[in-house]
Each structure stands twice: as C-alpha cells, then as structure tokens.
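One structure below.
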Amino acid sequence: MEVLATSAIAASSSHFSLSPLFNNHASQVIPWKFSGTKIVKIELQCSLRCIRTNCSVKSRISTGGDNDEGAFKQNFLLQPLWSLSKSFSFKFGLYSLSCRWIPKWKKYYSSVHEKINCLEENTPQLYIPFVRVVVGVMLVMSLSVAISKSPSYSAGALTEENLLFLEAWRTIDRAYVDKSFNGQSWFRYRENALRSEPMNTREETYMAIKKMLATLNDPFTRFLEPEKFKSLQSGSQGSVTGVGLSIGYPTKFDGSPPGLVVISAVPGGPANKAGISSGDIILQIDDTSTETMGIYDAADRLQGPEGSLVKLTIQSRSEIKHLDLTRERVSLNPVKSRLCKLPSSGKDAPLIGYIKLSSFNQNASGAVKEAIDTLRKDGVNAFVLDLRDNSGGLFPEGIEIAKIWLDKGVIVYICDNRGVRDIYDTDGSNAIAASEPLVVLVNKGTASASEILAGALKDNKRAVLLGEPTFGKGKIQSVFKLSDGSGLAVTVARYETPAHTDIDKVGVIPDHPLPSLFPNDEDGFCGCLQDSASACYLNQVQLFSR
C-alpha cells in the first residue's frame, strides 16, 4: 500500500482509494502561507506514564505575526466524521503513538479529548510533513482493518469448481431482471456459498448453482446441464425428440386439479395424434405426480430416446385419460399456409391467405416471408395469421415477424423493476405486408413471443384479434452458455405492449371471440369461411370488422 503525504492527503491500493474523502477539505488542512521557516510544535500536556482520558493538545505556530497564534487551531485535523473500531500503533524515531479507540474525529478548536496511550516522556517536535504521514498511515491502516473483516477470495485460492460457480453467479448478477434478487444480498450469498457449500465435484457444483437459483423463486430461471443445454439448442433449431407438447403452469385457480397445463400440442406429433389439446391438465408422467413438479423437470421427463415409451395421465375437462405415447423426432416446421376463396356472386371472389405459425424457431421469420410471397402470387386480398397454440420461442424471431407486418411503430417495451429499459420498434424498412387487411387468431395456448407479436399488431391497429385471452407470459428469458458446456436460462426482463400493457398472468385480450366450434387446422378454417350453414361460419365483414 502506498501513502502519499503531499498537499492533499491520499492513499491508494488495488482495492480502494482514499483521495475522494479529502478533496473537499484539502484547502483547510494547512490554511497558512509559507514565508521563511515555519515549524508546528505539538505539546502533549499530560502524564506520559499512564493512560489518560483527557490530554490537552496545544498547537503553536511561529510566524512572527500578531494573529498567527492559533492560526493552525481549527482545521489541523480532519473535519469529516470518521469511525474507527480497531487499535493500532505507529512509531517514528523517538515518537510513539498508540490509540486504543477513537469514537469520532471532528472539528478541533484548541483541544482534543480522546483516549491516548502516551508511551514516551519526550515532548516531540514534528514537522508538518511528518504529521501528514502519521494521519495518512493511521487512516489507511484503519480502513485496511475494516476491509479485512469481509472475506476475500484470491484467484489462486479458488478451485475450478469455485470458478464455475462464480461464473454462474456473475451471469445472474449482470443479467437478472430483479436487482433486489428476491430481497436478498446477492454478494453476501456468494461469500456464504463459497465458504459453506461443498464444491469438490462437478455434481456438487451443479447442486450449489441450482440451490442459488432456487433462492430467486423464479421458475423460469434455471440451470441446464450440458446435455439439456444441447437439447434446448436443438429444439430452437427445428426438431426435438419427445411427444410434441408445450406445457406451462396453470394461471387461474378455477377449481381445476393441481398439475401442469398443456399450452399446445404440435400438429402431427404423438400427443396431438392421441387427442391431447390446449387446456388439458397433465396429472402424472410415468406414474410420478406433477402436482409439485417444475415445467422443466416435466419437459426432461417427456423427452427421451426415439421409440421409447412414456406414460401420461391426462384430465381433459371431466375425463381422465391414461395414455402410452411413443417418443418421436418431432419436426418443428413453423409455418403452414393455405389459400381460401370466399363465396361471391361476382368474378373477383375475395382471396384470403391463411398462415399458421406454430413456433418461433430460427426458421420462423424466413418461413413467414416465403408464405407471404407464395400467397401474393396467387392474388390474395387479405391475410389471416393463426397464432393459436403457439407457445413462443426465440424473442428475436418475434420481433422480425412483427417488422414484416408493420410499416412503423413500437413493437415492444422491455422493462425491469425500474421501468422501461429498451424499446424495439420499426421504421418500415423490413415491411413486406403492411397494407393488406390482417386478422390474428389467438387462444390460451398463445404465449410468450407470440403474445409480443399479437400485442404489437393489435396496439398499432394493424390487425384485428379474434379468439380468447392469451396465456399471459410477460417475461423474457435469455440463455447463457457456461464454460463447461452447461448453461443458464435467466429471466432478463419483462415486457409491455406498445400501449404499455403488462400482460403477465393476464394475456392479450382479443377484439372479438371466435365461434366455439371454430377449427384449429387450415382446412377447417377455410370451410368455416365458405359454408354459411356451418356452426363456425364467419363472413368477410365479421372477420375483419373491429
């Protein structure tokens, strides 16, 4: 540690700097002007062989002026309040000073009343530079004592497992949306964990990380072992081996049994072919109750080797189903499209381009553009974008698809606990379908990124929303890869629609409901527009009216 005894007292080290403490008082430490030789002598007028509570300190300045006596009086010592709690000593030549404790340093006028252990009988004469050194060293040493109270961990003392834990801790510290960390001291948790949590093996380190994340009480922030991290990446890229279900937590206490709710079933997947649909409740997976099971634990149980079996107990309304499903590689082709010709007495019958968007993977925005181009070549007059049972996916893909339909406007506000943090908007440079009439279909299986898209199109008055309130997942997660191949899914923000609506646990409210028997597939959709006698019939006016 280096102590600087110059015109402004300062101390610096790799851990802290004292200079800001004195900047406001540097002009008061030595309030006289130098002219010739000037000496400050401090006399300790008390018994020097015993500890005294009151030792008078008299300062004399010899300058030859009438008013110089006591010019050094008020401001020689430091004015800022400073508390010390440790004893220390300093020796320089014949001078020795030992302080047991000093409750406060305050503004001095002619005396100081402190507990001083006067060890020498000499009345020392001190030059001003020496006094500065004494004061500076005393303050630096007291700060060092205070800082040493909190444990510190040098890089050399940390094991490889400790470093992996700290990597996860830093990721949460920087990225997590709630900077109160669920009302706890995040730094103190780190120190306590490094001191008390066993981290001798990789499994123990993973357990310590999971235990740390559990203190946040956020089911969407979770740890991913290397194999789960790879599985998540493959799922966002277009395929996964499982039964084709998107699941979530129930959002309403309406008397339904405890368990996990089905958000959507991938068309053509094992669950879809077995008759499982949005809103069904999963009661058991392989005879294990889902009452207290997390959604990511359930997702792990549903996935597995291709061709293997998984047993599900499902409640669909009042019916209980016991199903054996064979896991398959489910292709997540995000887009299907269809041209629907409406009945008309004239030659130019209205043509509607129907686009079913089932997920937001890496192919989604490109697939939507391709579908629009294909339908445009067929001469469509309007579009219907079906987001029903779309449980979301990659946030950037949702933003890109919104830009396809909007010529300008805000898409979404990204917020944290202090308010709006970022704004995603568009200037229309990426718009390719900003003028044709647009309808968006939603239901309770519409979640996450698809809710961002639906909210943006509704609030910008670009589209009419038909259906039922969406799922209500108003938080955004980002995935971070750790150095050993594992990862963290972290809630990094919440979002608001362009109208500053927080849809978390509420959902996006549509403009109109759909008929109760309205089908989910593209063929059924066209049939409901064409057959005026069907129970699900919608004419063009009903479809596009606000």
Query raised in the report: What are the extents of the Cα atoms of region 160-217 along their three principal axes, listed from largest to smallest and rounded to whole Å?
Result: 30, 19, 17
Query raised in the report: What distance in nm separates the simple spin-label points at D511 and L342, each placed 7 Å from Cα in the Cβ direction?
Result: 1.3 nm
Requested in this report: Throw me the Rg/Rh for region 240-329, computed over C-alpha atoms with Kirkwood Rh, two decimals.
Outcome: 0.93
Query - Principal axes of region 440-546: Cα extent on each, largest first, Å - result: 61, 30, 20
Report summary line: Residue separation between V541 and V479 times 0.36 nm, minus their alpha-carbon distance, gives in nm 17.9 nm
Query - Estimated vicinal HN-Hα couplings, Hz - region 469-474 in sequence order (Karplus 6.51, -1.76, 1.60; Gly, Pro = x) - result: x, 6, 5, x, 9, x
Query - Net charge of neighbours whose Cβ lies under 11 Å from the Cβ of D502, counting Lys and Arg as +1 and Asp and Glu as -1 - result: +1
Requested in this report: For region 387-396, take each phi angle, set θ = phi - 60°, evaluate the Karplus expression 6.51 cos²θ - 1.76 cosθ + 1.60, and give the result in whole Hz per residue in order, putting x for glycine and proline.
Outcome: 9, 5, 6, 9, 8, x, x, 7, 4, x
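How would you rank 447-456, 198-207, highest first, on the average number of other Cβ atoms within 10 Å across their residues?
Details: 447-456: 28.3, 198-207: 15.2.
So the order, starting with the most tightly packed, is 447-456, 198-207.
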Query - Pairwise label distance in nanometres, E370 with D173, each label 7 Å out on the Cα-Cβ vector - result: 4.5 nm
**Report entry** Largest to smallest accessible area among Y249, Y495, Y189 [probe 1.4 Å]
**Finding:** Y249, Y189, Y495
Query raised in the report: What net charge is computed for the residues neighbouring I352, neighbours being all others with C-beta under 10 Å from the C-beta of I352, Lys and Arg scored +1, Asp and Glu -1?
Result: +1
Query - Rg followed by Dmax, in Å, when region 343-433 is reduced to its Cα trace - result: 16.0, 58
Report task. Rank these residues by their accessible area, most exposed first, probe 1.4 Å: H322, H512, H500. Result -> H322, H500, H512
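The values are calculated or read from the model by the stated rules, or taken from the named source; none is laboratory data. Owing to the predicted nature of the structure, the values given are computational and were not obtained by experimental measurement. Glycine also receives a Cβ, built like all others from the backbone with ideal geometry; neighbour counts cover every protein chain displayed. The accessibility values were calculated without ligands, DNA or RNA, using every heavy atom of the protein model including side chains. Shrake-Rupley method; radii C 1.70, N 1.55, O 1.52, S 1.80 Å.
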